[in-house]
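Participant: Dumping the structure here so I can ask a few things about it.
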Amino acid sequence: MASVEELSAQFGVTASTIRRDLGQLTSQGLIARTYGGAIALDRQPESSLRQRSSEGYQAKHDIARWAAQQVKPGETILLDAGTTVGAMGEYLCDVPGLTVVTAGLTALEALADADHVRVECIGGTLRHLSQGFVGPIAEASLQRLTFDRAFLGADAVNASLGICEAELEQTRLKEMMIERAGTVYVLAHASKLGGRPFHAWAPIPPGTTLVTDDSATDEQTEPFTSAGLTVVCAPGA
């Protein structure tokens, strides 16, 4: 950990300059502020949603297709932000009487022309990297809603720690989503299983369904079944 005073002396600039620079580094996710200073974060850089959109494309759509098939006419469902959850939109356009509440721009775009689907956006502060809404406005919206099913994305999923995301605001919102839904699904292709790229976590309660693709191995899925989750390996198209 380095203090503002130490950094100011080391670089020969004012304390106010150091505080401004620390604020910028914090917003980029490179450091964490502490009382009087900052600490470096030992973590991977977060990829943008555009960068992730082509990663595991077929696996994501296999997962999204299976997940969409679980939705029943007349239900109210929640779609999280992210590319895999967002891909569900194209498979939901013809579900009669469906209401979709979402925190992600990908789902909004996919359902923008779905005249038979009622679409509601949670709103809040837009995270440009993930193209999803977070923050107190999003949380206040969730407190007024419940869902038949919630479909959550993840940067990684760990059987002992839960859903991994880059920021605490994201994991707090996911915890609220889980609390407000009757049935919860976490969508994550095989490369995300067991990972821990960041330091923010949302616990996954037993009874949750983890949906991955058919390249996932028994070694990857066994910790999740042992933790009380139902694991589905979505078949390929």
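The values are calculated or read from the model by the stated rules, or taken from the named source; none is laboratory data. Computed from a prediction, not measured in an experiment: that's the story for all the values here. Positions of Cβ are backbone-derived with ideal geometry, glycine not excepted, and every protein chain shown enters the neighbour counts. Side chains are part of the model used for accessible areas, which takes the heavy atoms of the whole protein and leaves out ligands, DNA and RNA. Shrake-Rupley method; radii C 1.70, N 1.55, O 1.52, S 1.80 Å.
Participant: Please sort by residue number the trypsin sites (Lys or Arg not before Pro) in the stretch 134-172 whose DSSP state is loop and whose Cβ has at most 12 other Cβ atoms within 10 Å.
Facilitator: On the way: sites: Arg144, Arg149, Arg172; in loops: Arg144.
Here the sparse-neighbourhood loop sites are Arg144.
Participant: I need the phi-derived Karplus couplings for the stretch 201-211: 6.51 cos²θ - 1.76 cosθ + 1.60, θ = phi - 60°, integer Hz, Gly and Pro marked x.
Facilitator: Those phi angles translate into 9, 10, x, 9, x, x, x, 5, 9, 9, 10 Hz.
Participant: Excluding same-chain residues fewer than 8 positions from Lys192, which lysines have a Cα within less than 22 Å of its Cα?
Facilitator: Excluding near neighbours in sequence, the set is Lys60, Lys174.
Participant: Which ³J(HN,Hα) values, rounded to whole Hz and listed in residue order, are derived for the stretch 122-134 from phi using the Karplus coefficients 6.51, -1.76 and 1.60 in 6.51 cos²θ - 1.76 cosθ + 1.60 with θ = phi - 60°, glycine and proline given as x?
Facilitator: Result, rounded to whole Hz: 5, x, x, 8, 7, 8, 5, 5, 9, 6, x, 9, 9.
Participant: With a Förster radius of 41 Å, plug the Cβ-Cβ distance of Thr217 and Thr146 into 1/(1 + (r/R0)^6) and report the FRET value to the nearest 0.05.
Facilitator: Calculated transfer efficiency: 0.70.
Participant: Pick out, from Leu161, Thr146, Leu193, the residue whose Cα sits farthest towards the positive end of the charge dipole of the stretch 143-237, with +1 on the Cβ of Lys and Arg and -1 on the Cβ of Asp and Glu.
Facilitator: Projecting each Cα onto the dipole axis, the largest value belongs to Thr146.
Participant: For the stretch 122-209, treating each Cα as an identical point scatterer without solvent, what Debye log10 I(q)/I(0) comes out at q = 0.12, 0.16, 0.17, 0.23 1/Å?
Facilitator: -0.33, -0.60, -0.68, -1.21
Participant: Okay, moving on. How large is the dipole of the stretch 162-223 about the Cα centre if only Lys and Arg carry +1 and Asp and Glu carry -1, each at its Cβ, rounded to the nearest 20 debye?
Facilitator: 240
Participant: Ignoring ligands, DNA and RNA, what percent of the accessible area of the stretch 179-237 is carbon or sulfur (1.4 Å)?
Facilitator: Values: 1370 of 2770 Å².
It is 49 percent, rounded to a whole number.
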